[in-house]
Amino acid sequence: MSVIQLVLAFTVSLFLVSSLAFESDELLIDDEEFGLEGGLTRPQSPPPTATTTSRKRFSESGSDSKIQFNLEHAFGDSQFSGAGNFSSRLKIWNHGGQTLTKLRFSRNSLNEIEQKNFEKLLQEDDFYRIRLPSNVLSPPGRDYIISSVKARCLTGEGLEENFVIHMEGLSIVAVNYGAPGACPYPRQLKLPARWSFRSHTVLRNSEQAPRAPIFSEDVGGEDAEGEIVMPPERSFWAKYWMYLIPLGLIVMNAITQAMNMPEEQAAGQAGAETQRGTNSAVRRR
Amino acid sequence: MAIRALLALLLFLSSSHFSFSIYEDQVGLMDWHQHYIGKVKHAVFHTQKTGRKRVLVSTEENVLASLDLRHGEIFWRHVLGTNDVINGLDIALGKYVITLSSDGSILRAWNLPDGQMVWESFLPGSKASKSILNIPKNLKADRDDLILVFGNGCLHAVSSIDGEILWKKDFAGESIDVQHLIQSPHDDIIYVAGFSGSSKVFVHQFKAKNGDLLKHNDAELPCGTFGELLSVSYDMLVILDDIRSKIVTINIKEGDINYNQKYISELIGDSSGQAIILPSKLPGIFALNLDSHVILLKLTNEGELVVVDKINNVAAISDALSISEGRHAFAFVQHGDSKVHYNVKDVNANDLNGDFVKESVVIDNQRGHIQKIFINNYVRTDRSQGFRALMVMEDHSLILVQQGEIVWSREDGLAAVVDVIASELPVEKDGVSVAKVEQNLFEWLKGHVLKLKGTLMIASPEDLAAIQAMRLKSSEKSKMTRDHNGFRKLLIVLTRAGKVLALHTGDGHVVWSVLLRNLRKSEACDHPVGINIYQWQVPHHHALDENPSVLVVGQCGSSLAGPVVLSFIDAYRGMELNALSLSHTIAQVIPLPYTDSKEQRLHLIIDADQKAHLYPRTPEAVEILQQGFSNVYWYSVEVDNGIIRGHALKSNCIGEVVDEYCFVFRNLWSVVFPSESEKIIATVTRKSNEVVHTQAKVMADQDVMYKYISSNLLFVANVAPKASGEIGTATPEEAWLVVYIIDTVTGRILHRMTHQCCQGPVHAVFSENWVVYHYFNLRAHRYEMSVVEVYDQSRADNKDVWKLILGKHNLTSPVSSYSRPEVIAKSQSYFFTHSVKAMEVTSTVKGITSQQLLIGTIGDQVLALDKRYLDPRRTLNPSQAEKEEGIIPLTDSLPIISQSYITHSIKVEGLRRIMTVPAKLESTSLVFAYGVDLFFTRIAPSRTYDSLTEDFSYALLLITIVALVAAIFVTWVLSERKELQEKWR
């Protein structure tokens, strides 16, 4: 599988290199399509320049399609300096898109000065900042992706950090950087027991939005809506009328009793009986 | 069971379709609608033939209107699209209004009396150029009257009867700049005059009948030119030379070009200022503006220049008006100390002593200077000539002056509202009652008796009319004090002219207005613009003796480099309390959630040099800011770069001058969108003053979901750069829409989603934990609306009642943005029929009432759509439990119920924005929609469950109670009597 891909990639890269002189986007896409014979063209195909460089690197590096990019950090407002590097494999999809997979991260351990700086950050509750290139192939790309976190959030047993890198093709859009868990608000000053980072990294690509549902049988939206909303109304009456009617009777009964209204003679014998009964009770007293 | 029954009852109440339609007699009770036209650009009075009662105007809001000259009301009005700018306006054949718009490419004829469109023709052209509309008198080709149009590099002759293009001449090939179309009065010849380059004059002669080129000629002028050619008569043109020291007169008689030059200093002696030829069209003379004087120069038949008059302080000069055979009049206005002097003079009189009219008018100071004047004549009762003048003021209002008095005025600045905020009215105090509550007891009783009659349907038609009038004029509505329900408020409106007006929500009248000094054209700033209006001070503790105030932020020029101007205005009296012109620029204004001891809100103004400035500039404010210093975060969006950055304050500015109110900040995070695949087109945040009542949502299966409620969320919509244009310019394959929900404190992306084959324009609202956005789906060829709801999973295990009782939950612990959010987002999309101009969501004071989306449709109406329709948990066949919860079965499109248009049958022309303000009554929300028109109403998304309706008859209630009490007494007496009889038996 990878051998075929490689061959394909070589042919593609040859085409691309040869077509550089033409400076036409359209031709490039045609070439790609031709080279892949029936492969889907993904709309987010990276721009031709980026593609060629990537293919070049890729072909230069031979069988190894490893890509590396650096993590830099800064303490408060200091300058950025190297802190580690990410390595990953470049994956080329058969529709032409490229993504990174199998991200690995190796962090440099903090040296004496850095430990001091970090401690200072902890004392002042200041920001620990990191940055990544926005393009992994031609760092730093257009600009660096910066992220910051209050240093006190990172201290636990040792130092813990969590990267969620949002990718779009081979560009990094953003990085969610911070503690892997919660960082409760009144941030307590706590010095780490060991000066080594435990890092978690996740790569994330964009998801597709769910499509709007299409119902063939549903033509008139408004009429259908009216019909569909009706049932709860009906079901309510259908379900609860037996509770409501006794409830209403009880309420009415209670009202008549409270008013202590004498009922009219014509209303019926039963009412008159009770009335007489109470009256007689009074009389007996 | 009882709870279930109650729930079911509630469901029944909430699921019945609310109709927002009103009865005929409810029109105008709680809504008002005002029509405006905008700042007038051209005005044409009707001539003798067409009736004298009307004036036609076209405005900067692209409105064409016919106004009543007696009262200033609108007879008819058409709002052309935002891209359809009107370039010319005239009357043809005495019955058609001709407009030229869209840079000279669309010519339309409208029927004069009723404004119906008669014909429209599209005039194609290839090159952008000046557009000129010329309707020559008595120029016929065959039997058609001609209309001459120059636009897009082409000269067209159009028939005025049906708009047919009779002939066409293309000038696009020649690199020339046509400036005038002149008709010879003697023969059917048209002169086209203009420049090629800066100093070469050319004249083309065409035969009007068929467009044959008779002659063409050009001549090189001895010097460069400044400004535009002015045609003084049919064969004479004037222009200034490039250093503005000479006047060049050009004679184009019979197609030959002869020119003369004359130094201005030779005519009027030495002067230091720069001369400008004013564009007023006066036969035989022209006006030159020099050193704030206006010099009128006459061009004699021999081509000599003679100074006719020199006038000081002229604000505006009108075009000439033909009053009789060979006689022309023109008007000019001068600003005096407190009055405006208005003169109408005869053009042909040699010394200009022959004034027709010389009057003084007192015009409100808050209207600013006069910018344009148009005159019209009429015959007085004594058969002499009378004149009336239409004046366009600096605040964009329109005034008609006749006999030294203002006959009517229109506040047309309100057609261009920039920003609005709502302010409370004063609390009612003893002795400060502004309007009388009720006339007296008798009146009150009479009113209620009438109402009762209405309720019992025994009222006569006269009574009904009286009831209606009483309801509409209810003094309660337009009182100048706060009411119990919070319906009466002031809408403080900033217009493009730099005027701030306060409108009463009761009936929309203007309570006060102030033209801001800072936002007027001055020497310091040529083109100031008002940007936003903010609440500056809202006194709660001293509500009785202190007035609230608002802050108006403006800028000099529309670029980022312009310095800031601030104005502070008393919201009750409309006085400008303070005005500041600052040295720094403005990129962003951030109202902070802190107030000082005077209850002034702290504001940070971020400038273009990465500095933050604190206002008010008091030591106390700095002290307050220092307390929350580390908790101030904000973000900035660089649309062109596709970068969003987050910032936090760092320290005081370091510079030569110590400024303790200036701070530098640092970038905390950045999100860089790949420029080749994404372009930012919309960003939306939650309203800062929004209230959320419940944090949890109870599901049908007794499960609880917690809303992820953070005030620091930002919704960003990006489209593919190829698909960022109009709909139809990109294929479905190359279009996609990516939406993000970003935390603006840490820059975390909480949710990210791609819609394939979709493109903008995107309109979105963000409220509580949900976003609703509207976009176009290219594959389905329809508009769609999507909803995204964000739920917090980290609190999901708080469902255990025992945990809640024992206090082991984490609901009361402070939430930190630095904790890793565990959120899930639910989303669903639906088709929606309309394209959308604006979108808003109702807001109520406590957030209990269910919400409605207010959608400004392309037809300039406002549609209220229940949020329940945009619920991602809708399924095709909801279970019984889900139905009880109020989930509507899933449909592919959102319903549009015609009764739910809150604007009813009204169109809010040119709708731009909808704004909602909560009333004090929880069920009710006030809605203000503005564009060219203003519309205000109040809506109750779940009906007014917390108050009686306005037309509730208290008298009927009273009578019922009285009758019941009487009945009780009667029956009691009867029963007593009966009991007695029983006992005696």
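Here is the list for region A:118-197: trypsin sites (Lys or Arg not before Pro) lying in DSSP coil, each with at most 14 other C-beta atoms within 10 angstrom of its C-beta, are A:LYS190, A:ARG194.
Accessible area per residue (1.4 Å probe, heavy atoms of protein chains only) ranks B:LEU560, B:LEU865 as B:LEU560, B:LEU865, with the largest value leading. Per residue of B:881-894, other chain Cβ atoms within 10 Å of the residue Cβ number 4 on average. In this entry, region B:83-176 is assigned a mean projected area of 5.9 nm², taken as a quarter of its C-alpha convex hull surface. The A and B chains share an interface that buries close to 5900 Å² of accessible area, total over both sides, probe 1.4 Å. Roughly how many percent of the accessible protein surface of chain B is carbon and sulfur, given a 1.4 Å probe and a whole-percent answer? C and S atoms contribute 52 percent here.
For region B:139-276, the calculated P(r) over all alpha carbon pairs, in 10 Å bins from 0 to the bin holding the longest distance, is 12, 39, 30, 14, 5, 1 percent.
Separation of the alpha carbons by more than 18 angstrom is noted, of B:LYS39/B:LYS345; B:LYS169/B:LYS215; A:LYS91/B:LYS679; B:LYS281/B:LYS345; B:LYS697/B:LYS867, for B:LYS39/B:LYS345; A:LYS91/B:LYS679. Partnerless cysteines in chain B, where a partner means another cysteine C-beta under 4.7 angstrom, comprise B:CYS154, B:CYS223, B:CYS757, B:CYS758. Could you state the number of Å between the C-alpha centres of region B:812-851 and region B:188-243? Measuring centre to centre over Cα atoms gives 63 Å. Averaged over its residues, region B:673-738 has an accessible area of 46 Å² per residue, based on protein heavy atoms and a 1.4 Å probe.
Protection proxy ranking for A:169-178, B:730-739, using the average of other Cβ atoms within 10 Å per residue and placing the highest first: A:169-178, B:730-739. With 10 Å bins beginning at zero, the pair-distance distribution over Cα atoms of region B:286-368 amounts to 16, 47, 29, 7, 1 %.
Axis angle, to the nearest 10 degrees, between helix B:461-473 and the longest C-alpha principal axis of chain B: 80 degrees.
With respect to chain B, whose longest principal axis is taken over its alpha-carbon atoms, helix B:2-15 is tilted by about 20°. Ordered by solvent-accessible area of protein heavy atoms (1.4 Å probe), largest first, the residues A:CYS183, B:CYS653 come out as B:CYS653, A:CYS183.
What average count of beta carbons from other chains do you get within 10 Å of the Cβ of residues in B:660-672?
Across the residues of B:660-672, the mean count of other-chain Cβ atoms within 10 Å is 5.
Shielding by partners for peptide A:161-171, expressed as the average number of C-beta atoms from other protein chains within 10 Å of each residue's C-beta, is 3. Accessible surface area normalised per residue over region B:208-248 is 44 Å², counting heavy atoms of protein chains with a 1.4 Å rolling probe. The value of relative contact order for chain B, using C-alpha pairs under 8 Å at least six residues apart, is 6 percent. Pair-distance distribution of region B:896-967: all C-alpha pairs, bin width 5 Å, starting at 0; shares per bin in whole percent are 3, 13, 17, 16, 15, 11, 8, 6, 5, 4, 2, 1, 0.
Convex hull over the alpha-carbon atoms of chain B: what's its volume per residue in Å³? If you can, show how the numbers build up before the last one.
Working: hull volume 254.0 nm³, N = 985.
In chain B, the Cα convex hull volume per residue is 258 Å³.
Residues of region B:722-766 whose accessible area (probe 1.4 Å, heavy atoms of protein chains only) drops by at least 30 Å² once all protein chains are present, relative to their chain alone: B:TRP736, B:ARG748, B:ILE749, B:ARG752, B:MET753, B:THR754, B:GLN756.
Remark: spin-label model distance B:LEU580-B:THR949 equals 5.1 nm, labels positioned 7 Å along the Cα→Cβ axis.
Under the combined filter of DSSP loop state and at most 15 neighbouring Cβ atoms within 10 Å, region B:318-400 retains these trypsin sites (Lys or Arg not before Pro): B:LYS339, B:ARG380, B:ARG383. Put B:HIS527, B:HIS603 in order of accessible area, highest first, and with a 1.4 Å probe you get B:HIS527, B:HIS603.
The values are calculated or read from the model by the stated rules, or taken from the named source; none is laboratory data. Note that the structure is a prediction, hence the values are computed from the model and not measured. Glycine gets a Cβ as well: all are built from the backbone with ideal geometry, and neighbour counts include every protein chain shown. The accessibility values were calculated without ligands, DNA or RNA, using every heavy atom of the protein model including side chains. Shrake-Rupley method; radii C 1.70, N 1.55, O 1.52, S 1.80 Å.
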